[in-house]
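Okay, structure first, notes after.
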Amino acid sequence: MCGIIGYTGPLEASKILLEGLAGLEYRGYDSAGIALCMEDSKICLAKKTGKVKNLKDYCNQQITDSSHCGIGHTRWATHGGVTDTNAHPHQAGKVILIHNGIIENYHALTEEFHLENELISQTDSEVAARVLNRLYEGDPLAAIRKLIELLDGSFSFCIMFEDQPGAIYAIRNVSPLVAASTPSGSLIASDLTALIPYTRNYFVVPEQHIVKLTPYKVHLYQLDDTFTKTYPEMMTVNWNMDAAMKNGFPHFMLKEIHEQPDAMGNTILPRINKGLPDFSEDKIPDSIFETCSQVQIIACGTAMHAGMVARAIMQPVLRIPITVSVASEFRYEEPLIDEKSLVIIISQSGETIDTLAALRLAHQCKSTTLAVVNVKGSTIARESDYVFYTHAGPEIAVASTKAYSVQLAALYMIGCRMALVKGKYTKEQAVSFLGDLLDAIPAMETMIAQKESIGNAASHIIHSPDAFFIGRGLDYAFSLEGALKLKEISYIHSEAYAAGELKHGTIALISDQVPVIAIATQQHVYSKTISNIREVKARGAFIILLAKESAVVDDHLADICIRIPDVDDLFTVFPIAVVLQLIAYYASLKKHLDVDQPRNLAKSVTVE
Ligand code: M6R
């Protein structure tokens, strides 16, 4: 949450900061601001509520002098409302600071440093800036170290000192930061999208280190007594700028829906060897599958829904307990996991703070951890024992689409390998399973090609305040994601229900024309689901049925029937996911909402 960028170098800083912020906007879009160190060493601050475009228009009118060093921020409000004053950067004396994260003890610090009458915003971040200003006696490294010793919480900071022109300092605890020294100058940001126009080589800022950027050098110092200089581990970006552009699509979400077949291929194909799943390149040993007596899956949101599908696929085959937990709950429980547990952590960003905390708890319990992560070098990837990288490329729309599909692909492959290693699958069964997984890719393409007719179906739900998604077994797991997708971008209250559970209360909410999106792709419960659909139909619901091509459907059952290709029952999630994503996309579009940046949300949830 919150986007951070810093630049110092020969180019015009305001241009780089504003372009960088536009690319980082998906991290938070309540307000934005920049601070520039001007030629006369004076600081120029510009802050505006709303989108980065507002800030850009304001800067174009107000900033006439050039600057070669500055910091910028897009905000997702945590403390204090959405106002120009609460927007970052915050200036306190000689200190100018931007922050991503939460300072949990800001109240205690306010009292300890008697800041009550100085604060002009309601933010925890300004408290950090004012405390740093009090600690600053001309030595930035020493002051930053003292500040860090006082703080509780998660943070990444970029800081300028008025008397240190051309230099930017940064430090992080949990919240991510990447940095690079390039021929165009030195850059630091909360994620790679801001660096890619200038370089493919970067490093992830390690915790417990201070970074200092000067126009042509980036220095890294340990937080020890003497600030020992150290050298970062350099990494290379494996995607290009095109991947982070809309490329002719009206929205990132639609583009990312279209990218799913390729992303699936990129994730699956390099890991197939002689028809079998092979993780030797990932350095994931079979021993972790051999020895585990239970699997604990932990994630948030869409990633957690991928885990629910994986559990439904794996448990009947592996015949060991598989539990799925919401990370924000798991981290405060006393979990029943131990050294014989395999803990699978799923996260697109690799930075979700609750998921990270759950990973750390799993390590305390001595469990083996395997992370399914999309962002290379992210904190979860670095801290897990083993990593299975999905190759979705950057996902910019806040609503997750391609990241979900490739998380599923990864989990299906992991389940297949585990079944093979544990002797639950023969080689032939594993080969056939992977063949079915590959068949799901053209099935997704078939559904993408039907986007207009799926869009027409979405027209029937946009006037309703509520919608229900129902299904049984795997179809119920898919429903959870369908409901999340619809509610987050169309603001239609959507609930997923196990179809057989409706009668136990929820059916009271079904009345004339309430949309019910019914998923019926699982043969062994098909007739039961159809009975449940009849029950809601009898109460006036508007039925959008998602069924296989060959399924026999009574003419009068559904108001709209969307057919998916006849893939094996275990793999219907892939074409179904596309349909559910498109329903949500078109519902949002037809309601004239902001598809890619829905209200109150941000892409990467780095606060609790
Ligand atoms: O980056 P992560 O996969 O850890 O994010 C977890 C959730 O915040 C995320 O899946 C969220 O639910 C989706 N953006 C919703 O579409």
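The values are calculated or read from the model by the stated rules, or taken from the named source; none is laboratory data. Computed from a predicted structure; not experimentally measured. Positions of Cβ are backbone-derived with ideal geometry, glycine not excepted, and every protein chain shown enters the neighbour counts. When the accessible area is computed, the model is the full protein with side chains, heavy atoms only, and any ligands, DNA or RNA have been set aside. Shrake-Rupley method; radii C 1.70, N 1.55, O 1.52, S 1.80 Å.
Please tell me if Glu501 is farther than 22 Å from Lys590 by Cα and in contact with a Lys or Arg (Cβ under 8 Å, 6 or more places away or on another chain).
The answer is no for Glu501.
Restricting to region 481-499, name every residue that is surrounded by 24 or more Cβ atoms within 10 Å (Cβ to Cβ) and touching a residue at least 60 places away in the same chain (Cβ under 8 Å).
The answer is Glu481, Gly482, Lys485, Leu486, Ile489, Ser490.
Hey, can you tell me all the residues within region 187-211 that are charged (D, E, K, R) and farther than 19 Å from His73 by Cβ?
Arg200, Glu207
Which residues, taken from region 443-476, are among the aliphatic types (A, V, I, L, M) and under 21 Å from Leu509 (Cα atoms)?
Listed by number, the residues that qualify are Ala458, Ile461, Ile462, Ala467, Ile470.
Given the conditions (1) in contact with a Lys or Arg (Cβ under 7 Å, 6 or more places away or on another chain); (2) open to solvent by less than 10 Å² (accessible area, probe 1.4 Å), which single one is not true for Glu118?
Failed condition: (2).
Hey, among the residues in region 59-74 that are open to solvent by 10 Å² or more (accessible area, probe 1.4 Å) and of a type outside the set (A, V, I, L, M), which one's modelled with the highest pLDDT? Show your work before the answer.
To start, the set of residues in region 59-74 that are open to solvent by 10 Å² or more (accessible area, probe 1.4 Å) comprises 60-66, 68.
With of a type outside the set (A, V, I, L, M) added as a condition, the list becomes 60-62, 64-66, 68.
On the way: Asn60: 91, Gln61: 90, Gln62: 88, Thr64: 82, Asp65: 84, Ser66: 89, His68: 95.
Here the answer is His68.
Say we look at region 18-53 and pick out the residues that are free of Cβ contacts under 8 Å to residues at least 40 places away in the same chain and assigned to a helix (DSSP H, G or I); which of these is surrounded by the fewest Cβ atoms within 10 Å (Cβ to Cβ)?
Once the filter is applied, the top-ranked residue is Lys53.
Just give me the residues in region 367-376 being in contact (Cβ under 8 Å) with a residue 60 or more places away in the chain and away from the ligand (no atom under 14 Å from the Cβ), in sequence order.
Ser367, Thr368, Leu370
Would you be able to tell me the number of residues in region 474-505 that are under 17 Å from Ile533 (Cα atoms), among the aliphatic types (A, V, I, L, M) and not in a helix (DSSP H, G or I)?
2
Is it the case, given these coordinates, that Ile507 is β-branched (Val, Ile, Thr), more than 16 Å from the ligand (Cβ to nearest atom) and within 21 Å of Tyr585 (Cα to Cα)?
No: the conditions fail for Ile507.
For region 566-596, how many residues meet the condition of being open to solvent by 30 Å² or more (accessible area, probe 1.4 Å) and either among the polar types (S, T, N, Q) or assigned to a loop (DSSP other than H, G, I, E, B) (or both)?
6
Limited to region 518-557, what total is found for residues that are of a type outside the set (Val, Ile, Thr), farther than 18 Å from Asp466 by Cα and not in a helix (DSSP H, G or I)?
Result for region 518-557: 12.
Filter region 319-332 down to the residues that are in a loop (DSSP other than H, G, I, E, B) and among the charged types (D, E, K, R), then identify the one that is farthest from the ligand (Cβ to nearest atom).
Checking each candidate, the answer is Arg319.
Can you name the helices (runs of 4 or more DSSP H) wholly within region 375-473 that have at least 3 residues being surrounded by 18 or more Cβ atoms within 10 Å (Cβ to Cβ) and among the hydroxyl-bearing types (Ser, Thr, Tyr)?
The qualifying helices (runs of 4 or more DSSP H) are 402-421.
Do we find that Lys56 is touching a Gly at 6+ places or on another chain (Cβ under 9 Å) and either crowded, with 19+ Cβ neighbours inside 10 Å or modelled with pLDDT of 95 or more (or both) in this structure?
Criteria not met by Lys56.
State whether the residues of region 142-158 include one that is in the same structural domain as Lys217 (by TED's automatic domain parsing), over 21 Å from Val205 (Cα atoms) and either open to solvent by less than 50 Å² (accessible area, probe 1.4 Å) or under 31 Å from the mean Cα position of the chain (by Cα) (or both).
No, that holds for no residue.
How about region 333-358: which of its residues are among the hydrophobic types (A, V, I, L, M, F, W, C) and within 16 Å of the ligand (Cβ to nearest atom)?
Within region 333-358, Val343, Ile344, Ile345, Ile346, Ile353, Leu356, Ala357, Ala358 meet the criteria.
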